[in-house]
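K.L.:
After the structure tokens below, expect a handful of questions from me.
Only the coordinates and a few stated rules stand behind these numbers; no lab work does. These figures come from a predicted structure and were not determined experimentally. Don't worry about glycine lacking a Cβ; one is built from the backbone with ideal geometry, like all the others, and counts go over all protein chains shown.
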Amino acid sequence: MNQYPQISVIIAAYNEETTIKSTITRLKNELSKLTVESEIIVINDASTDQTLEKMKEIENIKTYNQPYNKGKGAAQKFAAKVAKFDWLLFFDADGQHREEYLSEMLKFTDQFDLIAGERIGYQGPKERQLGKKIIHLLARYLLGKKIYDFNCGFRLVKKQHFLRFAHILPNGFSCDTTSVFAFYKEGLNIKFVPMEINKRGGGKSLVKPKEAFVYLMLIFRLIMLFSPLRIFVPISFILFIFGLALLIFDIIHFNISEVTVFALISSLLIFLFGLIADQLAAVRREINQE
Amino acid sequence: MIKKISIIMPIFNEVITLPHVLVHLKKELDNLNLEAYEIITVNDGSNDASEEILKNTPFIKLLNHPYNKGYGAALKTGILAAKFDWVLLFDADGQHQPEEIKKLLSESENYDLISGDRTQGNYVRPTVRKPGIWLLKLVANYLVNKKIPDLNCGLRLIKKEAVLNYIHFLPDGFSFSTTSNLAFLKDHRNVKFVPVTVNERDKKSKSMVRPRDAFNVLMLIFRLIMLFSPLRIFIPLSLIMFLFGTGIFIYDLTNYNVSEITVFTLISALLIFLFGLIADQLAAVRREINKK
């Protein structure tokens with residue numbers, strides 16, 4: 001009997017012609033060394049370079065093509081649906097991950113539902129620094145947890161849970177971050193495995209300037225999906241305090257002003273909005289769970 | 001009378017009380033004339049020797065959380081693993097007396113949830129928590145239209161099939177007990193409170209309920225109302241606004257001058273009422289998707 005579970009490896013590739021072949025070969029060697037029973041699913045996300053040709057040179061992998069570029073999250077969700085084993089191993093095609101950490105990660109499969117890499121000393125592109133900082137603060141606020149690396153692409157996930165949340169996961173790069181939030185919120189067990197990474201190989205960083213905006217939207221969506229009250233209650237509270245101060249001022253002058261009434265009523269309305277948003281968030285999370 | 005039960009005991013750093021509690025519990029269960037029972041202990045990431053003790057106790061089933069996830073989370077893990085139709089929740093801190101179990105069992109006919117009620121006996125609540133609990137009770141009683149004698153007694157007997165309906169939104173922390181009471185009552189299930197006596201908490205071991213929990217419980221109450229009868233929040237608010245607005249309106253009329261405040265208040269009353277209708281719809285959606 002094998003000590004490790006069977007795993008479906010999922011690699012989403014978009015314009016990774018220089019690294020795709022070596023990455024998959026290294027991973028395959030590691031898998032056979034560990035005698036893990038596995039299948040390798042590679043999704044070509046409509047690459048415009050030679051990625052597809054390079055993929056065809058590799059034996060014993062299942063390849064799928066997206067008709068046009070849909071994003072990493074979309075590719076992962078698609079692959080998860082066709083995967084045949086109970087554990088999914090996500091691995092980036094750009095060669096940044098070191099496959100030798102796999103054995104370490106596999107040790108945790110009996111107790112945890114998501115085992116993700118935590119890249120040591122990884123800073124990420126400069127454009128993302130601020131967004132990252134905010135995400136980290138947000139995580140501490142929403143989840144009450146300190147998490148150092150949300151979006152390492154090297155992760156082992158129990159398929160059953162990944163599919164449960166697939167409908168709320170975005171199609172783009174923020175899929176990884178969102179799934180960490182979703183797993184925590186559902187009380188599943190998450191393990192982070194610290195790991196070194198290689199310098200990025202050929203492929204250029206996928207960050208575009210407009211991603212600052214995407215990151216910002218991601219933050220709002222995460223809050224709205226997981227704890228909308230954490231936005232609405234503080235805003236409502238600030239307005240309430242403001243209105244109260246005005247009210248005291250007004251009473252001293254024997255004249256209740258419109259502004260005071262407006263502030264107090266808005267505070268109430270915002271709180272009620274929050275309760276409704278909270279309901280909607282729950283509906284979204286619950287709707288696809290069996 | 002129930003013949004088979006699963007006992008669920010969450011454990012977080014209970015090394016002092018645990019050995020005695022387990023032995024005492026088993027002895028009582030053996031005397032109870034049950035056809036079968038199982039004791040499921042959920043070690044919630046303890047960092048003392050609790051796990052060692054559990055591993056060396058032959059008559060229990062041990063489940064482990066890899067890190068501390070909370071009292072409610074541990075109970076949920078246990079409930080999901082239970083094999084019998086009734087689950088009995090029992091704390092590991094030595095507060096509960098196994099002799100009280102048979103009182104709960106004897107009341108089980110026709111009920112879905114039988115909770116201990118500590119208020120009749122010797123139970124002394126920590127003074128710091130009194131105002132919070134009082135307020136909570138007031139709100140809770142208004143919501144369910146019923147007097148709840150003891151909101152958060154951990155000793156309770158629950159029909160598993162019933163509690164599985166709510167497992168998604170029952171909280172991971174200490175508010176599990178309160179929430180499950182309110183959820184059962186609001187969903188018109190049959191709830192019974194049975195007076196029980198408890199052992200005094202060891203003076204040294206302090207209560208693990210943090211002040212933050214009070215805020216969380218308050219928010220939780222709002223969530224529960226939103227789930228079961230949102231109009232109970234929205235209609236009174238809307239009505240107050242409306243009466244207030246009408247009052248100023250009459251005053252305005254006598255002065256031949258309708259003020260902005262009047263208009264604003266009356267419009268808010270309407271808006272809040274309409275919000276309430278939306279919330280009521282959403283609540284129905286949630287209840288429908290959570291039904292099996």
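K.L.:
Can you classify segment B:231-290 as rounded, prolate or oblate using the Cα gyration tensor, where a ≥ b ≥ c are the square roots of its eigenvalues, rounded means a/c under 1.5, and otherwise it's prolate if a/b beats b/c and oblate if not?
P.N.:
Working: a/c = 6.76, a/b = 3.71, b/c = 1.82.
In terms of gyration-tensor shape, prolate.
K.L.:
So for segment B:4-227: antiparallel DSSP bridges make up what percent, rounded to the nearest 5?
P.N.:
In segment B:4-227, DSSP labels about 25 percent of beta bridges as antiparallel.
K.L.:
As a footprinting exposure proxy, order B:217, B:42 by other Cβ within 10 Å, with the fewest listed first.
P.N.:
On the way: B:217 24, B:42 27.
Final ranking by Cβ density, sparse to dense: B:217, B:42.
K.L.:
At a 10 Å Cβ-Cβ cut-off, how would you order B:168, B:20, B:65, fewest neighbours first? Before the final figure, lay out the partial values.
P.N.:
Details: B:168 15, B:20 10, B:65 21.
Sorted ascending by nearby Cβ count, the order is B:20, B:168, B:65.
K.L.:
How far is helix B:260-290 tilted off the main Cα axis of chain B, in degrees rounded to 10, range 0 to 90?
P.N.:
Value to nearest ten degrees: 30.
K.L.:
Here is a follow-up. Take the alpha carbon atoms of chain A, find their radius of gyration, then divide it by 2.2 N^0.38 Å using N residues; give the quotient. Intermediate values should be presented prior to the final figure.
P.N.:
Working: Rg = 23.0 Å, N = 290, 2.2 N^0.38 = 19.0 Å.
Dividing the Cα Rg of chain A by 2.2 N^0.38 Å gives 1.21.
K.L.:
Which order results if B:287, B:232, A:155, A:119 are arranged by neighbouring Cβ count within 10 Å, fewest first? All intermediate terms of the calculation are to be shown ahead of the outcome.
P.N.:
Values: B:287 13, B:232 17, A:155 24, A:119 21.
Fewest-to-most ranking of B:287, B:232, A:155, A:119: B:287, B:232, A:119, A:155.
K.L.:
With all pairs of different alpha carbon atoms counted, what Kirkwood hydrodynamic radius in Å does chain B show?
P.N.:
Numbers: mean 1/r = 0.0475 Å⁻¹.
About 21.1 Å for chain B.
K.L.:
Moving on to the next point. Taking just the alpha-carbon atoms of segment A:229-286, what radius of gyration and Dmax come out, in angstrom?
P.N.:
Cα radius of gyration and Dmax of segment A:229-286 are 14.5, 51 Å respectively.
K.L.:
Specify the angular offset, from 0 to 90 degrees and rounded to the nearest 10, of the alpha carbon long axis of helix B:211-228 from the longest principal axis of the alpha carbons in chain B.
P.N.:
The angle comes out near 70 degrees.
K.L.:
Tell me, rounded to the nearest percent, the portion of alpha carbon pairs in the protein assembly as shown spaced more than 34 Å apart. Present the calculation step by step, with values, prior to reporting the outcome.
P.N.:
Numbers: 88121 of 169071 pairs.
Of all Cα-Cα pairs in the protein assembly as shown, 52 percent lie more than 34 Å apart.
K.L.:
Here's a follow-up. Restricting the calculation to Cα positions, tell me the Rg (one decimal) and the Dmax (whole number) of segment A:13-118 in Å.
P.N.:
Calculated on Cα positions, Rg and Dmax stand at 13.7, 41 Å.
K.L.:
To the nearest 10 degrees, how steeply does helix A:129-143 sit against the main Cα axis of chain A, on a 0 to 90 scale?
P.N.:
70
K.L.:
Per-residue Cβ counts within 10 Å, from other chains only, averaged over A:276-283: what number is that? The partial results should precede the final answer.
P.N.:
Working: counts 9, 1, 7, 11, 5, 0, 11, 7.
Across A:276-283, the average partner-chain Cβ count within 10 Å equals 6.
K.L.:
Once amide H atoms are placed 1.01 Å from N in the peptide plane, what residues at a sequence separation of 5 or more from residue B:7, or on another chain, have their amide H within under 5 Å of its amide H?
P.N.:
Placed amide hydrogens put B:38, B:39, B:40, B:88 under 5 Å from residue B:7.
K.L.:
Based solely on its DSSP helices, what 222 nm [θ] is calculated for chain A when runs of n ≥ 4 H residues each add -39,500 (n - 2.57) and the sum is averaged over all residues, nearest 500 deg cm²/dmol?
P.N.:
Working: 10 runs with 138 residues, N = 290.
Computed mean residue ellipticity for chain A: -15500 deg cm²/dmol.
K.L.:
What is the antiparallel percent of DSSP beta bridges lying wholly in the protein assembly as shown, to the nearest 5?
P.N.:
Numbers: 14 of 57 bridges.
If we restrict to bridges inside the protein assembly as shown, about 25 percent are antiparallel.
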